[in-house]
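None of the figures in this text is laboratory data; all of them are computed from the coordinates on show. In this text the structure is predicted, and so the values were computed from the model without any measurement. We place every Cβ from the backbone using ideal geometry, glycine too, and count neighbours over all the protein chains shown.
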Amino acid sequence: MSDNGPIGVFDSGVGGLSVLREIRARLPHESLLYVADSGHVPYGEKSPEFIRERCRAIAGFLLEQGAKALVLACNTATAAGVADLREQYPQLPLIGMEPAVKPAARATRSGVVGVLATTGTLKSAKFAALLDRFASDVRVITQPCPGLVERIEAGELATAGTRALLESLVQPLIAQGCDTLILGCTHYPFVKPLLREMLPPEVALVDTGAAVARHVETLLAASGQLSDCKATVRFWSSGDPRRLACVLPVLWGENGTVSYCSV
């Protein structure tokens, strides 16, 4: 793998673009590959076995494109598939996502932390282990969010329907004293502005995109693989590439050409 090779990033859909933005901001000289597995979105209700199969297929595709590192920009995919990929590719820098339980537990003043996440993430052994390790002294209230990923996939970041859905999800958490809210899915940072409108100002929103970008930098620096070339970005979708192309200006901030990923 070339030191100037690209970083491969993938998610069940467009949510990982929130992580891709953080990586580009942190590492502007790194070329990036992004696969949206939109033909199978959302992952949250899928079985762990199905998700592991998708992780293997997409990881193999990105490595064929020359990826020197992989980022699973999806909490549900990480919970189900990261251990399997690390066993398959032991020498590869491989970074996953996990809900920001540790920083949230440190930040809360009320002792009540809310978690917005997919059903798959909340049911995972990885999430249970995070709670056992970092949240034994706080009360954690979890809220699965069926339907939210689909709205963000459609670019509906501030519609009346998305607002109503978010309010139904977060108001019970606020009513129980939550002052720190974990965004436990990479799709959810895209509705931060809407959340800020409906939440009391003292409620902190916590996600892990920036921390993942720092970790990518640390791993590549340790292995001498940081790039010094002009960066490029390439996009693929396993669904309709036109749908991803349509939301790129909103979620990525600029247009891009999207190819079809057949894996």
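What FRET efficiency would be calculated for the residue pair Q171, E197, taking the C-beta separation as r and a Förster radius of 22 Å, to the nearest 0.05? Could the numbers behind the result be given before it?
Numbers: r = 13 Å, r/R0 = 0.60.
Computed FRET efficiency for Q171 and E197 comes out at 0.95.
Got the relative contact order for the chain handy, in percent, Cα pairs under 8 Å and 6 or more residues apart?
On the way: 503 pairs, mean separation 77.2, N = 263.
Relative contact order here is 29 percent.
Take the chain, mark every one of the trypsin sites (Lys or Arg not before Pro) that falls in a DSSP loop and has at most 10 other Cβ within 10 Å, then report the longest stretch left between them, sites excluded.
On the way: sites that count: R109, K230.
After excluding every exposed loop site, the longest remaining stretch is 110-229.
Which ³J(HN,Hα) values, rounded to whole Hz and listed in residue order, are derived for the range 166-178 from phi using the Karplus coefficients 6.51, -1.76 and 1.60 in 6.51 cos²θ - 1.76 cosθ + 1.60 with θ = phi - 60°, glycine and proline given as x?
Once rounded to whole Hz, the list reads 4, 4, 5, 7, 8, 4, x, 5, 5, 4, 9, x, 4.
Got a sec? How would E45, E202, E167, E98 order by Cβ neighbour count within 10 Å, fewest to most? Could you put the intermediate results ahead of the total?
Values: E45 12, E202 9, E167 15, E98 20.
So the ranking, lowest neighbour count to highest, is E202, E45, E167, E98.
Amide H to amide H under 5 Å from I95: which residues, 5+ apart in sequence or cross-chain, H placed 1.01 Å off N in plane?
Correct list: L70, V71, L72.
Whole-Hz ³J(HN,Hα) for each residue in the range 206-215, computed from phi via Karplus 6.51 cos²θ - 1.76 cosθ + 1.60 with θ = phi - 60°, x for glycine and proline: what do you get?
Taking θ as phi minus 60°, the curve returns 10, 9, 10, x, 5, 5, 5, 4, 5, 5 Hz for the range 206-215.
Taking θ as phi - 60°, what are the ³J(HN,Hα) couplings along the range 114-122 by the Karplus curve (6.51, -1.76, 1.60), each to the nearest whole Hz, with x for Gly and Pro?
These are the phi-based 3J(HN,Hα) values: x, 10, 9, 7, 7, 4, x, 5, 5 Hz.
Gain in length, Y260 to A158, computed as 0.36 nm per residue apart minus the alpha-carbon separation, to one decimal in nm?
Values: separation 102, 0.36 × 102 = 36.72 nm, distance 2.82 nm.
Extra length from Y260 to A158 when fully extended: 33.9 nm.
Tell me, what is the FRET efficiency for E49 and A128 to the nearest 0.05, using R0 = 22 angstrom and their Cβ-Cβ distance as r? Let's see the in-between values first.
Working: r = 19 Å, r/R0 = 0.85.
FRET efficiency, E49 to A128: 0.70.
Extending each Cα 7 Å along its Cβ direction at Q88 and D240, get the distance between those two points in nm, one decimal.
Label-label distance for Q88 and D240, simple model: 2.9 nm.
Taking a spot 7 Å from the Cα of D3 along the direction of its beta carbon, which residues of the range 175-218 have an amide N less than 16 Å from it?
Under cut-off, by backbone N: 217-218.
Taking the Cβ of P201 as the center, what net charge do the other residues with Cβ under 15 Å away carry, scoring Lys and Arg +1 and Asp and Glu -1?
Taking every Cβ under 15 Å from that of P201, the sum is 0.
Let me check against my output: what whole-number percent is the relative contact order of the range 101-206, with C-alpha pairs under 8 Å and at least 6 apart?
On the way: 138 pairs, mean separation 40.4, N = 106.
That works out to 38 percent.
How many nm is it between the label spots at R109 and K230, if each spot is 7 Å from the Cα in line with the beta carbon?
With each label placed 7 Å out from Cα toward Cβ, I get 5.0 nm.
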